[in-house]
Amino acid sequence: ADPTMQYVHPDVAGSWSASPPLEDATLGALDRYAVAMRDFTLAFHQAGARIALGTDANNPWVIPGFSVHEELRLLVLAGLTPDEALRAATVTAAEAISRPDLGTVAIGQRADLVLLSADPTVDVANFQARVGVMVGGDWYPEDELQGRLADVAALYATMRSAPRHPARFDGCQH
C-alpha cells in the first residue's frame, strides 16, 4: 500500500513479496524490537554518542531515498531534536564515511543541496517541502524531479503488466 513502491523495480518488489507473511508472534517481537531500538538510540544520544543516519538501502521494504524521510522521523521519535536528526543525516553521516567534502555548506564543499520551502529544524516533515536539489553543481527543480519519478513509475508499471517469460539458457545468446 506504500505509494513509494511504484518506484521499486518489479523484480525487486517481487522478491520482497515472495517472502511468507510474518506470524503474529514475529510481528509482536518486531514491535518490541523497534521500541527497544528507539530507547537505545535515545540512551546513546543522551550519553554523548554520535548518531549517523543510514538507510540500509538493500533491505526488503526499505526504499532508497524515501527511507531517509522515515529515518529522520524515527530519530525525532526517539528523542532527538529535528536539528539533531538533520545533523545525523548530514555532518555526522559525512564524518562516519570519512567524506569531509560532504555534510556542510561551505566553500570547497561538494555542491549537493536540497532547497526547501519550510524549515526542517522546526519539523523534519518539512524536509519533504522540496523546491529542488543541487547535485554536483547542477540544479534540478521539483517539477523536473517529479517528472523523472513519474517516468520511473510508468516504466515499472509497464514492466509489471508485461507478460513474464521464465529465463532459460540453452547455450545461445538471446
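The values are calculated or read from the model by the stated rules, or taken from the named source; none is laboratory data. From a predicted model like this one, the values you see are computed outputs, not experimental measurements. Surface accessibility is based on the protein's heavy atoms, side chains included, excluding ligands, DNA and RNA. Shrake-Rupley method; radii C 1.70, N 1.55, O 1.52, S 1.80 Å.
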Checklist outcome for this item: Heavy-atom accessible area of T158, protein chains in place, probe 1.4 angstrom, given in Å² to nearest 10, is 90
Item to check | Mean Kyte hydropathy of 0.5 or more with a Cα span along the axis of at least 15 Å, helices from DSSP in the chain | outcome: 66-78
Checklist outcome for this item: Extension length gain for E95 and A153 (0.36 nm per residue less Cα distance), in nm, is 17.5 nm
Next on the checklist: Once ligands and nucleic acids are excluded and a 1.4 Å probe is used, how much of W61 is accessible, expressed in Å² to the nearest 10?
Outcome noted: 140
Next on the checklist: Under the rule a/c < 1.5 gives rounded, and otherwise a/b versus b/c splits prolate from oblate, where does region 9-64 land using the Cα gyration tensor?
Outcome noted: oblate
Item to check | Per-residue [θ]222 nm for the chain (sum of -39500 (n - 2.57) over DSSP H runs n ≥ 4, rounded to 500) | outcome: -14000 deg cm²/dmol
Checklist entry - Using heavy-atom solvent-accessible surface (probe 1.4 Å) with all chains present, what is the largest-first order of I51, I107? => result I107, I51
Next on the checklist: How long are the semi-axes of the equivalent ellipsoid of region 50-174, defined as square roots of 5 times the Cα gyration tensor eigenvalues? Whole Å, largest first.
Outcome noted: 34, 18, 17
Item to check | E71 accessible area, assembled protein chains, probe 1.4 Å, Å² | outcome: 60
